[in-house]
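Taking it in order: structure first as structure tokens, then the write-up.
The values are calculated or read from the model by the stated rules, or taken from the named source; none is laboratory data. Predicted, not measured: the structure shown is a model, and the values here were computed from it. Heads up, the Cβs are rebuilt from the backbone with ideal geometry, glycines too, and the neighbour counts pull from every protein chain shown. Heavy atoms of the whole protein, side chains included, go into the accessibility calculation; ligands, DNA and RNA do not. Shrake-Rupley method; radii C 1.70, N 1.55, O 1.52, S 1.80 Å.
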Amino acid sequence: MAEKTVDAYIAGLEGWKAEVASRVRQIVLEAAPDAVESIKWAQPVYETDGPFCYMKAFKNSVNFGFWRGVELEDAEGLLQGTGEKMRHVKLTGIDDVDEAALAGFVRQAVQLNLTKGDPTKGS
């Protein structure tokens with residue numbers, strides 16, 4: 001079986017979803033150049049001291065999510081979700097990609113992991 005890659009994940013998306021996913025990937029890699037990129041849980045995941053963000057394509061959106069989403073400063077109210085810790089931004093087209101806001105979330109999420117450790121371990 002071929003190894004799953006983020007390139008293959010994005011290549012498998014249709015139209016605007018591939019464009020959005022490609023742009024989100026670029027934002028993450030620019031804002032967190034030391035992050036490890038891989039496919040986990042059937043989606044692209046980015047890690048620095050544990051996972052800090054992911055993206056997942058759905059029928060009508062691409063979600064860009066954060067393990068410590070509830071802890072992120074979100075002045076524009078972009079983050080959605082009701083879980084105990086995670087939040088996501090729902091992107092429904094390339095015009096939804098707010099580069100400055102998303103890069104800010106990425107930098108905050110990396111800093112939280114560097115300060116608090118892997119969000120998948122312990123509390």
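What you get for the chain, charging only the Cβ of Lys and Arg (+1) and of Asp and Glu (-1), is a dipole of about 440 debye around the Cα centre.
Across the chain, Cα pairs under 8 Å and at least six residues apart give a relative contact order of 26 percent.
When +1 charges are put on Lys and Arg Cβ atoms and -1 charges on Asp and Glu Cβ atoms, the dipole computed for the stretch 1-73 relative to its Cα centre reaches about 380 debye. Gyration tensor over the Cα atoms of the chain: the corresponding equivalent ellipsoid has semi-axes (square roots of 5 times the eigenvalues, largest first) of 21, 17, 13 Å.
As a length-normalised measure over Cα pairs under 8 Å and 6 or more apart, the relative contact order of the stretch 50-93 settles at 39 percent. Here is the list for the stretch 1-45: GluC sites (Glu not before Pro) lying in DSSP coil, each with at most 13 other C-beta atoms within 10 angstrom of its C-beta, are Glu3, Glu14. For the stretch 33-86, the solvent-accessible area of protein heavy atoms averages 53 Å² per residue (probe radius 1.4 Å; ligands and nucleic acids excluded). Among the GluC sites (Glu not before Pro) found in the stretch 51-118, those both in a DSSP coil and sparsely packed, with 12 or fewer other Cβ atoms within 10 Å of their Cβ, are Glu73, Glu76, Glu84.
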